[in-house]
Ligand code: GAL
């Protein structure tokens, strides 16, 4: 009887909460792969449990497709309740234009400055001392994902670094396996290039070139190595004919390809396919050369709206996203690391543990978006894409153009 009464009381309380503040909140994001959808469902579940309703605004394609749509809705007077952007400066102009909600009071009340690590994540949300976003994860791009059984079948040991992987390419090709899976969307090319840059030139050189705009280094031998390795990667990926990053991951999972350079969100796909880290697949942070992680990832922004109920629901969602329970549930599915250091991560798999170790050592670098203006980043990205798609463009020519972009960059 007591149990029934408790259940009834709980149900009544939930209904009351639902009736009092049930607000539909549209949340836009570009998380549409199997692993991403599983992760975003954790946010929806946690938000719905507050009595509000998560209205899913997934935009298929990629961040590059989604961001212009999100921005034009906000500037065009049709804002969503909340929206994803990457850590960094992607939303800077919207914040400067006064279109984004100031979350400073919530951040203070919830003690974000204490719990969010590394502090650069909250810095990226801050403009003129005010906080405009909630960082929800740490994603790192610097990973090589390898299918172990493909190497076993080809009679090659599973590589432990980029050079061994590149050296294995001819044998893999002989065995009918695409050495490097790569989706054709431009951001994937750019990502691979940046990963090669950090791994092969080293994190200091990368930060000096992108952050300090050091043209001497940009034209020097460290970066020459990077452009040469990118030419090798271009050749290794010549028979990879998919568009989406998760289709490329799927080539690796199914053994059509041997490896993929991709962010740790690829892990969500391996998990959905019941693959076990360390057994079925190998992950090499920093391509096994320079073990660093880039503290990129995702943050949610809340456009200003003239509606008290939505404003209140926005505040609830901001808190929910950073709660310890949601941080664990979401990040385990997403393949990313939580932004709080005070959560229980016993369930972390091998690859996530590697990431956490690197983070604990402080071997972290910032994303190009954090180091450079959006315009300069897009010029660099365009060059990388052109190089990757133009087999007869030499590494030397590409490096010369890279130097002139860095000269003008801000
Ligand atoms: C990134 C985002 C990740 C992941 C990836 C592929 O921009 O930070 O969370 O979703 O895109 O969709």
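The values are calculated or read from the model by the stated rules, or taken from the named source; none is laboratory data. Here the structure is a predicted model, which is why all the values come from computation and not from measurement. Here Cβ is always computed from backbone atoms with ideal geometry, including for glycine, and neighbour counts include all displayed protein chains.
Points to keep in mind about this one:
- Of the residues making up region 186-222, those that are over 22 Å from residue 391 (Cα atoms) and under 18 Å from the mean Cα position of the chain (by Cα) are 198, 199.
- The set of residues in region 379-409 being outside any helix (DSSP H, G or I), touching a helix residue (DSSP H, G or I) at 6+ places or on another chain (Cβ under 6 Å) and in contact (Cβ under 8 Å) with a residue 40 or more places away in the chain consists of 409 alone.
- Search result, residues across region 257-268 that are within 10 Å of the ligand (Cβ to nearest atom), touching a strand residue (DSSP E or B) at 6+ places or on another chain (Cβ under 9 Å) and assigned to a helix (DSSP H, G or I): 266
- Qualifying residue in region 308-315 (condition: in contact (Cβ under 8 Å) with a residue 40 or more places away in the chain, under 30 Å from residue 229 (Cα atoms) and surrounded by fewer than 20 Cβ atoms within 10 Å (Cβ to Cβ)): no
- Taken over region 77-106, the criterion of being within 16 Å of the ligand (Cβ to nearest atom) and surrounded by fewer than 20 Cβ atoms within 10 Å (Cβ to Cβ) is satisfied by 86 alone.
- Applying the criterion of being assigned to a helix (DSSP H, G or I) and either within 11 Å of the ligand (Cβ to nearest atom) or outside the structural domain of residue 80 (by TED's automatic domain parsing) (or both) to the residues of region 27-48, the residue that is nearest to the chain's Cα centre (by Cα) is 36.
- Taking region 261-285 as the range and being over 15 Å from the mean Cα position of the chain (by Cα) and over 13 Å from residue 158 (Cα atoms) as the test, the residues that pass are 270, 271, 272, 273, 274, 275, 276, 277.
- Residue 168 fulfils the conditions (1) in a helix (DSSP H, G or I); (2) within 27 Å of residue 39 (Cβ to Cβ) except for a single criterion, (2).
- Beta carbons closer than 9 Å, at least 6 apart along the sequence or on distinct chains, never pair a first residue in region 95-110 that is modelled with pLDDT under 95 with a second that is assigned to a helix (DSSP H, G or I).
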